[in-house]
Amino acid sequence: MALLPILHYPDPRLHTRATPVGNVDDEIRRLVDDMAQTMRAAVGIGLAATQVNVHKRVIVLDVSEDQQHLQVFINPRLVSSEGSVEREEGCLSVPGIYDQVTRAESIVVEALDRDGKLFTLRAEGLLATCIQHEMDHLEGKVFVEYLSQLKQNRIKNKLRKRARETL
């Protein structure tokens, strides 16, 4: 397994739409393992392949307290959604930035697991929010794009300044 570099907003590669995985093979399983290791090392609860500059429809999540319940979603598809909830979100691609985003309260998602088996999952709460957040990444959208243009510009400027300071 390997730690993968995480792209940081406003990197234009974060706006690339991911393509479907044709076959869940050893290469995809290795990607899943590397993404899981990267997510945990960065102390995150979700990671989309787009964030590590691999533009395949792959997501890993672990919203459990002990970080021992990895969930894998390959070619996820939103089947249905209900309700609306506002929750604070953060993102490994937008480090140190948190804000309120409104999303569906509960969802049903269909995807392939790490072994290529089709499954359907009903999710609510944090898990539903996290799945929607990561699926946005697969469409080339970052959570800050739900915020006002003023907030987006402030975030971009703050992250650019932070990047210059670390050089």
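The values are calculated or read from the model by the stated rules, or taken from the named source; none is laboratory data. Please read these numbers as outputs of a predicted model, since none were measured by experiment. A quick note on method: Cβ atoms are made from the backbone with ideal geometry, for glycine too, and the neighbour counts reach across all protein chains shown.
Structural remarks
- Unique residue being in a loop (DSSP other than H, G, I, E, B), modelled with pLDDT of 95 or more and either surrounded by 15 or more Cβ atoms within 10 Å (Cβ to Cβ) or touching a Phe, Trp or Tyr at 6+ places or on another chain (Cβ under 6 Å) (or both) when the list is VAL32, VAL21, VAL60: VAL21
- Single residue of region 65-106 satisfying the filter (small (Gly, Ala, Ser) and over 12 Å from the mean Cα position of the chain (by Cα)) that is nearest to LEU127 (Cα to Cα): SER106
- Looking only at region 43-102, residues that are under 15 Å from LYS141 (Cα atoms) and of a type in the set (Lys, Arg) come to 2 in all.
- Meets criteria (charged (D, E, K, R), touching a Leu at 6+ places or on another chain (Cβ under 9 Å) and within 21 Å of THR120 (Cα to Cα)) for ASP62: yes
- Single residue of ASN23, ASN53 found to be in contact with a Lys or Arg (Cβ under 8 Å, 6 or more places away or on another chain), touching a residue at least 12 places away in the same chain (Cβ under 8 Å) and more than 22 Å from LYS158 (Cβ to Cβ): ASN53
- Leading residue by the ranking (surrounded by the most Cβ atoms within 10 Å (Cβ to Cβ)) among those in region 109-146 that are in contact with a Lys or Arg (Cβ under 9 Å, 6 or more places away or on another chain) and under 13 Å from VAL94 (Cα atoms): HIS133
- Taking first residues from region 119-136 that are farther than 16 Å from VAL58 by Cα and partners that are assigned to a helix (DSSP H, G or I), the Cβ contacts under 7 Å between residues at least 6 apart in sequence or on separate chains come to ALA123/ILE131.
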